[in-house]
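The block underneath contains the structure these notes are about, expressed in C-alpha cells.
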Amino acid sequence: MRRYLIAGNWKMNTNLASATALAKGVAAAAPKKLAKVDVMVAPPAPYLLAVRDVVKGTGVDLGGQNASEQAPGAFTGEVALDMLLDTGCSSVILGHSERRTLYGETDAIVNKKVHAALAKGLQVVLCVGELLEERKAEKTNQVLDTQMSGSLAGVTSEQLAHVVVAYEPVWAIGTGLTASPEQAQAAHAHLRNWLTARYNASSAAATRILYGGSVKPDNARELLSQPDVDGALVGGAALKPELFVPIIEAAVAVAG
Ligand code: PGA
C-alpha cells in the first residue's frame, strides 16, 4: 500500500518569522494525521534550521527545494546535499519546473542530482510535467517519457524505492488552473505504466506519484481520490496552515 505524501514547497517565500510560524501551524495540526499520511515541508535553505527545530519530533519531514550535485567546495551560491542532511532534511525536490525553465536544468543535470541525492540516502521528489503548448500539441506523454528516462537514467529498481515522482503540469503551477482529476489520473497512469515498462510491476506499484499544480483545499479530495494519485506537491496553498492542513486532512479522509 502506498502512503499518501503531502509536501509543501515554500519556494522563495517566507521570512524567518513567517517560516517559523508556518511550521508551527503545520506541526500543531499534523501529529493527529500522521498515522496515515506523510507530511513534508520544504522551506528556503536559510530557514531549514529554524523550521527543523519547530518540527522536530512532530513527524513532519523536512526537504530541500534543490541541491547541487557537487561535493562541498568552491561553488558560490550553491547548497550541498551534505548541508541538507546536516540541517535535518530527509528529502530533496529535484527537477522542479521552475529549476528547469528559469535556471536551465536539463534532464542530464537533474539525473546527476538524482544520483548524488540517492547516494547520500535522501529521498528524491522528482518533478516532471509538460508545458501548455506541449499539452495542446498532444505531446504530454512523450514529454513525460523523455523527462523520466533522462532524469532516472541509471537509477536501479532498488534506488527507485527512494524516489517519489511528482507530476506537475507547468500550466497548472501557480496559475489557479488545475488539471482535472481525469487529466491527472491519465498522466499518473501513464507514468506508472512507464515505471512498469522500465522497472517492473511491483516497483511501479510501490512508487508514489504526487500531483502538483494549484492544489487547494477545495480540489484536493477529488484529485487524491484518483487511483494513481498518491499525494500532492503544494506551492501557494502550502504557505498558510489554514490551506495546507485541510489538504493533509483530505488525504487522511481518502486514505480511510
Ligand atoms: P502551486 O505550486 O501549488 O502554487 O501551483 C506547485 C509547485 O510548484 O510545486
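The values are calculated or read from the model by the stated rules, or taken from the named source; none is laboratory data. Treat the numbers as computed from the prediction; the structure is a model and nothing was measured. Because the Cβ atoms are built from the backbone with ideal geometry, glycine has one as well, and the counts that use them run over all protein chains shown. For accessibility, only protein heavy atoms count, side chains too; no ligands or nucleic acids. Shrake-Rupley method; radii C 1.70, N 1.55, O 1.52, S 1.80 Å.
Accessible surface for the chain, divided over its residues, is 43 Å² per residue with a 1.4 Å probe. Quick one: pull the percent of accessible area on the chain belonging to carbon and sulfur, 1.4 Å probe, ligands and nucleic acids left out. C and S fraction of accessible area: 55 percent. Scaling the Cα radius of gyration of the chain by the globular reference 2.2 N^0.38 Å produces a ratio of 0.93. Of the whole protein surface, Glu134 contributes about 50 Å² of accessible area at a 1.4 Å probe radius.
Here region 210-256 and region 25-87 have alpha carbon centers that stand 20 Å from each other. Annotation: amide H-H contacts under 5 Å for Gln123 (H modelled 1.01 Å from N, sequence separation of 5 or more, or interchain): Ser91, Val92.
Couplings 3J(HN,Hα) for region 41-49, derived from phi with the Karplus relation 6.51 cos²θ - 1.76 cosθ + 1.60 (θ = phi - 60°), are 10, 10, x, x, 3, x, 9, 4, 5 Hz, where x marks Gly and Pro. Need one number: the % of Cα-Cα pairs in region 162-256 sitting beyond the 22 Å mark. That tail contains 25 percent of the Cα-Cα pairs. Were the residues from Ala255 through Ala201 laid out at 0.36 nm apart, the gain over their Cα-Cα distance would be 17.2 nm. For region 116-218, the relative contact order is 33 percent, taking Cα pairs closer than 8 Å that sit 6 or more residues apart in sequence and dividing their mean separation by the residue count.
Of the chain, which part is the longest with no chymotrypsin sites (Phe, Trp or Tyr not before Pro) in a loop (DSSP not H, G, I, E, B) and with at most 12 other C-beta atoms within 10 angstrom?
Between exposed loop sites, the widest span is 104-256.
Secondary-structure-derived ellipticity at 222 nm for the chain, considering helices only, amounts to -13000 deg cm²/dmol, per-run term -39500 (n - 2.57) for DSSP H runs with n ≥ 4. Among residues other than Asn200 with Cβ under 14 Å from its Cβ, the summed charge is +1 (Lys and Arg +1, Asp and Glu -1).
Among Arg52, Arg192, Arg198, the order of accessible area from largest down is Arg198, Arg52, Arg192, computed with a 1.4 Å probe on protein heavy atoms.
Computed over neighbours whose Cβ is under 12 Å from that of Lys11, the net charge equals 0, Lys and Arg +1, Asp and Glu -1. Cross-link partners of Lys112 among lysines, defined as those whose alpha carbon lies under 19 angstrom from its own and excluding same-chain residues fewer than eight positions apart: Lys120. A straight Cα-to-Cα reach below 27 Å connects Lys136 with the lysines Lys216, residues fewer than 8 places away in its own chain not being considered.
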